[in-house]
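Below you'll find the structure, written out as structure tokens, and then a few comments.
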Amino acid sequence: MKFPIQTKHKKTIYSLALISGLSLVVFPSFAQIDDDIIITKDRKVELPPANRVFEKIPPIKSNTEGKQMKYTFFDRKPKGVEEVKFSPNVVAPDGGKKPEETETYNNYVTVGAGNYGRLLGEVFLNTNQENNMIIGVHAYHNSTVRGPVDGKNSANMYDKAEITGKYLGQKIQVNAGINYNRDQYYFYGYQRPREDLDRKDIRQVLNIVQFNVGFENTAPNPKVDYSVKTSLKSLKNIYGAHETDWASNFNAFFPIINDKFVAVIEGDAFITQRSDLEVDKRNLFRVKPSFRLNFNSFGASIGFRAVNEFDQIKGIDRTKGFPTLELTYKSPSMFYIFAGMDGDIVRNTLGTMLTENPYLKSQVRLMNTEKSQEFYVGGKGDIGKGFSFNLRGAMGYYKDLYYFNNYTPDFGEALGDTAKFNILYDSLKTQYFNVVLQLNYQPVEMWRTYLKTDFNHYQRRSFEKPFHRPLITAKWGNTLIVSDRLLANLDLYYFGDTYARNPTTQEIVKNKGFVDINAEFDYLFTKQFTAFVKLNNILGRNYERFLYYPQQGLNFLVGLNFSF
């Protein structure tokens, strides 16, 4: 039985292939690639995540002419906590039916197991995708009994449950959802041997509850286009820390001369309260009016961003302004060149910091980071013969740029507390350079590959080194359709050298860079039943993303998924 891949499904399959086989994600930087925003008005209703709905694919004639690979930026962020990320790849057989007779599978179940005592389970249940009202339920469990060091002392467990919904009316779309996350892990970066260690003393549990709702105008050719989103998030840990974060976003588009001259208003409101020994109210309000001009090949966006920052404990109540400008050129062959300037205040909350480094000590200091000014230039497009690229270079200044370093409460103590991290802020202006380049290549239908590199340089000011920030990261991802039934993914990831200060000796320590290779193989038994094998860290190196936190060596995951 053949498994032809229809053109309209290639984007979905490619996206699935990129995210499969990954256990880590790229270290974040403030300078990111911004893609074009496209607003579509149609009646198709899909419940995110769209890759959870599998359609049986009707047969079509192969035509390689004019097929393009959608370039995209995909970041992996290596974290101290190890969690195998998995998304199954499903390509269904055609069964000889006509396209209008194809079946749709809105639900699927995945189960898997691996070394380190790993258990994986995931369920997606969705109502009919053709209805105006769609409800989805998602449950997820991923745990290990043992970790890379000291057995159970480096185990982990991640659980998630969520309900999402979408309603699409004649003139409005409503999205809503509620989810609960529970993360359990251990501070295993302590100095060994520690015979007197009680496992309860190094345990951490994060409980996160979030509710969100959004409204979007879907009327065709509206006089005013808009979207409104709001979410309420509550985060608690077992050490008494609690953060409540209410975030709202509003965007409005006012066509003045059709799509040639458009006025835009973007607004954000964040009301945050963090309780950790003391209560601190930290709010941020942002508004950005701008005008967008479109003259076919040439375009421009001119605006001004005003940001008000409030912090009760630190006595901060200030408003900063940042002019924004972007100029673009689009060639007839869809080759884009852009340049501009920007500035902003980047929010740093307990939630965002724990996402980046989960091994933080209690009562860490929280401060926002000011991107005083940024100048950037770049381009993107198709080079031809299956090649496409995306390039962006930026230079700017940060104030209160943050770093992570191991923390010790008593510097006179013989054994410092290497297991927990403190957040360090550079109060001086830090000049930075960032270059991101991604190359994509699709020579044939059976092989898709891309290479992404991210270069970051930070001027040294208050600290000897940019602690735990790498100079360079790189990712090489490949998707291979080996046969009608077998799909393979292979990725190679490089994370450059980082530095830290030893909390006991106060000496600068070099944390060597590492190479991580992962692979995944999916075999399709039927249109609904798939088996997979996933290999992570094939080189078997116990590298350290954060100092004194070795990661798992070679680990594998074997499982099945069934769609219905």
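Structure above, values below:
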{"read-out": "Residue match in the stretch 421-438 (condition: surrounded by fewer than 17 Cβ atoms within 10 Å (Cβ to Cβ), of a type in the set (D, E, K, R) and free of Cβ contacts under 8 Å to residues at least 40 places away in the same chain)", "value": "no"}
{"read-out": "Those residues of the stretch 430-475 which are more than 29 Å from A500 (Cα to Cα) and of a type in the set (A, V, I, L, M), in sequence order", "value": "L439, V444, M446"}
{"read-out": "Qualifying residues in the stretch 495-507 (those that are farther than 18 Å from F455 by Cα and touching a strand residue (DSSP E or B) at 6+ places or on another chain (Cβ under 6 Å)) - the one surrounded by the fewest Cβ atoms within 10 Å (Cβ to Cβ)", "value": "N502"}
{"read-out": "Filtered residue count, the stretch 400-419, keeping only those that are modelled with pLDDT under 95 and either part of a loop (DSSP other than H, G, I, E, B) or over 22 Å from T505 (Cα atoms) (or both)", "value": "13"}
{"read-out": "Of all residues making up the stretch 182-201, the number that are part of a loop (DSSP other than H, G, I, E, B) and either surrounded by 10 or more Cβ atoms within 10 Å (Cβ to Cβ) or modelled with pLDDT of 90 or more (or both)", "value": "8"}
{"read-out": "Subset of the stretch 213-270 [of a type in the set (D, E, K, R), modelled with pLDDT of 95 or more and assigned to a loop (DSSP other than H, G, I, E, B)]", "value": "none"}
{"read-out": "Every pair of residues 6+ apart whose Cβ atoms lie under 9 Å, when the first sits in the stretch 254-265 and is under 12 Å from N294 (Cβ atoms) while the second is of a type in the set (K, R) and exposed (fewer than 14 other Cβ atoms within 10 Å of the Cβ)", "value": "P255/K223"}
{"read-out": "Given (1) buried (at least 19 other Cβ atoms within 10 Å of the Cβ); (2) under 22 Å from the mean Cα position of the chain (by Cα); (3) farther than 27 Å from F404 by Cα, number of the condition A519 does not satisfy", "value": "(1)"}
{"read-out": "Strands (runs of 3 or more DSSP E) wholly inside the stretch 457-564 containing at least 3 residues that are under 24 Å from A113 (Cα atoms) and in contact (Cβ under 8 Å) with a residue 40 or more places away in the chain", "value": "486-495, 514-524, 529-536, 555-563"}
{"read-out": "Residues of the stretch 522-556 satisfying the condition of being at pLDDT 95 or above, farther than 26 Å from L354 by Cβ and among the polar types (S, T, N, Q)", "value": "T530"}
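The values are calculated or read from the model by the stated rules, or taken from the named source; none is laboratory data. A quick note: this is a predicted structure, and the numbers were derived from the prediction, not measured. Glycine gets a Cβ as well: all are built from the backbone with ideal geometry, and neighbour counts include every protein chain shown.
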